[in-house]
Amino acid sequence: MEKLIVEGGVPLRGRIRVSGAKNAALPILMACLLAEGKVELSNVPRLRDIHTSLRLLDILGCETSFEGNDATSEVTNLSPEAPYELVKTMRASVLCLGPLLARLGEARVALPGGCAIGARPVDLHLKGLERMGAEFELTEGYILGKSGRLKGAHITFDFPTVGGTENLLMAASLAEGETILENAAREPEVEDLANFLNAMGAKITGQGTSVIHVEGVEKLTGCKYKVMPDRIEAGTYLVAAAITNGELLVEDCPFQELDAVSYKLREMGVWLEEKADGVLVKRNGALRGVDVVTQPHPGFPTDMQAQIMALMCVAEGTGSIEEKIFENRFMHVQELARLGANISLKGRMAIVRGVDKLVGAPVMASDLRASASLVLAGLAGAGKTHISRIYHLDRGYERIEEKLSAVGARIWRENE
Ligand code: EPZ
């Protein structure tokens, strides 16, 4: 097991480049199952979850490659089974369900377990696919799905589920007739998936809004596509500049997709300025605590909740964070408290009282974004912070210690 050591107190200065978006690349890789011919993807981040997705494509009968940030996939002999030992390591594997039903008319996908941040059910995925003619049986921890050719349907989601919208978009692309998705997720990564599907010949309109129309087609063909930059990685580095009182130029930053985050950071006293080659970020005077509520896009993203909490820990005054998306996404609170943070929890509400300084200590990562918040707090803290279980971090941040060291951070990896 590896751990990350962060020696805080250094204002970060320089340029940092954002990698491709994990949460766009994962569904796009699963959508490759729909294509006849070769798909060539660029700007694919080198992350654990990407390697896992490529391994799943191999198991499902594709020829894949991954060189640098370029990945390819070509269906050779499709098989319907996504095994538990792989699905349990990455919940997003459930995104192969829609493509397998659309392509094969059958799927045997292990039910993704919960994870640290919540139960993470997939009932909305299954209900939508049933409306398109699929039938499901849950047995021995597997979702067994069967369908003839899927039929277009008018589906209204109870909740704008990101994964549910993505599974239905992929299924509808090859279905017979028109599908309308209402109360669909508006996340930029969902939009990127829809744009990728259209590049393969799908007929999707309305992506990025809560009503998406899909006109089913007979087949999709391979294409070349560049994955969008990662807005959550970008947001994490904006906070890194502010929390260390440094100044960064964040290159390839999808700033338009970060409106809710930039609004709150500016309210806290962070200076953000769009330049020709990226976003300039630094403090604009003293930092102040603010009130944040996580919402579906375009509201404040739950994936930035732990990171802005770390910043609030060192701001003046009191801030609050209400986590409305996941039922258990405050695992970082007790770890931040070990660094001297003053946070009190009341159900899904966290009250953060700013402190003068954080002091390094051994802490433990519990999930991807919690580990990012511990790195941020460590960068601001006096002394050394030892972060264990950093395999969580490696799921979503490409070369994080290399990128942060290049702008002055004292951060390195050691074996525990
Ligand atoms: C995606 O997860 C992201 N993962 C998550 O990012 C992100 O936090 C989440 O969207 C919300 O933005 C990927 O894209 C791979 P949801 P997903 O379906 O699709 C409930 C990260 O850190 N729900 O919108 O699982 C669910 O329990 C990860 O990069 C149902 O009840 O999110 C949750 O409370 C973490 N039934 C809420 O909706 C369903 O059928 C949001 O889930 C589906 C979801």
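The values are calculated or read from the model by the stated rules, or taken from the named source; none is laboratory data. Keep in mind the model is a prediction, meaning the values are calculated, not measured. Counting neighbours? That spans all protein chains shown, and the Cβs are built from the backbone with ideal geometry, glycine included. What goes into the accessible areas is simple: the full protein's heavy atoms, side chains included, and nothing from ligands, DNA or RNA. Shrake-Rupley method; radii C 1.70, N 1.55, O 1.52, S 1.80 Å.
Go through Ile28, Ala110, Ala341 and say which Cα lies farthest out towards the positive end of the charge dipole of the chain; charges sit on Cβ, +1 for Lys and Arg, -1 for Asp and Glu.
Ala341
Expressed as a whole number of Å, what is the distance separating the alpha-carbon centroids of the stretch 84-101 and the stretch 331-405?
The distance from the Cα centre of the stretch 331-405 to that of the stretch 84-101 comes to 29 Å.
About its Cα centre, what dipole magnitude does the stretch 75-193 give when the only charges are +1 on Lys and Arg Cβ and -1 on Asp and Glu Cβ, stated in debye to the nearest 20? Please report the intermediate quantities before stating the final value.
On the way: 11 positive and 17 negative charges, 36 e Å.
With Lys and Arg at +1 and Asp and Glu at -1, about 180 debye.
Taking a cut-off of 26 Å between Cα atoms, list the lysines near Lys275, but don't count ones fewer than 8 places away on the same chain.
Partners within reach: Lys22, Lys226, Lys264, Lys403.
State in Å² the accessible area per residue of the stretch 107-150; use a 1.4 Å probe, count heavy atoms of protein chains only, and round to the nearest integer.
Normalised by residue count, the accessible surface of the stretch 107-150 is 48 Å².
Using modelled backbone amide H atoms (1.01 Å from N, in-plane), which distant-in-sequence or interchain residues come within less than 5 Å of Ser366's amide H?
Distant-sequence amide H within range of Ser366: Ser371.
Pull out the extension gain between Arg353 and Glu322, defined as 0.36 nm times the separation in residues minus the alpha carbon to alpha carbon distance; nm, one decimal. Working shown, then result.
Values: separation 31, 0.36 × 31 = 11.16 nm, distance 1.46 nm.
Extra length available between Arg353 and Glu322 comes to 9.7 nm.
Roughly how many percent of the accessible protein surface of the chain is carbon and sulfur, given a 1.4 Å probe and a whole-percent answer? Display every interim value, and only then the final one.
Working: 7430 of 15730 Å².
So the carbon and sulfur contribution to the accessible surface is 47 percent.
Restricting to Cα atoms and excluding each atom paired with itself, what does the Kirkwood estimate give for the stretch 243-360 in Å? Don't skip to the answer; put the middle values down first.
Details: mean 1/r = 0.0680 Å⁻¹.
Evaluated on the stretch 243-360, it is 14.7 Å.
Could you state the orientation-averaged shadow area of the convex hull built on the Cα atoms of the chain, in nm² to one decimal? Could you put the intermediate results ahead of the total?
Numbers: hull surface 72.5 nm².
Across all orientations, the chain yields a mean hull projection of 18.1 nm².
Please enumerate, by chain and number, the lysines with C-alpha under 16 Å from the C-alpha of Lys127, excluding those fewer than 8 residues away in the same chain.
Lys146, Lys151
Ordering Lys282, Lys151, Lys3 by how much accessible area each has at a 1.4 Å probe, largest first, what is the list?
On the way: Lys282 65, Lys151 105, Lys3 40 Å².
These residues rank, largest area first, as Lys151, Lys282, Lys3.
What full-extension length gain, to one decimal in nm, is calculated for Arg13 and Lys275 as 0.36 nm per residue of separation minus the Cα-Cα distance?
That works out to 92.7 nm of additional length.
So how far apart, in nm, are the two label points at Phe66 and Asp158 if each is 7 Å from Cα heading toward Cβ?
A separation of 3.4 nm, rounded to one decimal place.
Place +1 on the Cβ of every Lys and Arg and -1 on the Cβ of every Asp and Glu in the chain, take the dipole about the Cα centre, and give the residue among Leu258, Asn198, Gly269 whose Cα lies farthest towards its positive end.
Gly269
Are any of the pairs Lys282/Lys384; Lys3/Lys224; Lys203/Lys224 more than 26 Å apart by Cα-Cα distance, and if so, which? Can you show the working numbers first?
Details: Lys282/Lys384 23 Å; Lys3/Lys224 37 Å; Lys203/Lys224 17 Å.
Going by Cα-Cα distance, Lys3/Lys224 fall outside the 26 Å limit.
Starting from the 7 Å offset along Cα-to-Cβ, what nm value, one decimal, do you get for the label separation of Lys88 and Asn284?
Taking the simple label geometry, Lys88 and Asn284 are separated by 4.9 nm.
In debye, nearest 20: dipole of the chain around its Cα centre with unit charges on the Cβ of K, R (+) and D, E (-)?
1000 debye
Express in nm, to one decimal, how much length is gained between Lys224 and Glu135 on full extension, taking 0.36 nm for each residue of separation and deducting their alpha carbon distance.
On the way: separation 89, 0.36 × 89 = 32.04 nm, distance 3.35 nm.
Between Lys224 and Glu135, full extension yields 28.7 nm more.
Any chance you could check the Cα centroid distance between the stretch 271-312 and the stretch 1-58 for me, in angstrom?
After rounding, the separation between the Cα centres reads 22 Å.
Among the DSSP beta bridges whose two residues both lie in the chain, what percent are antiparallel, rounded to the nearest 5? Don't jump to the answer; show the numbers that get you there.
Details: 60 of 85 bridges.
Counting only bridges with both partners in the chain, antiparallel ones make up about 70 percent.
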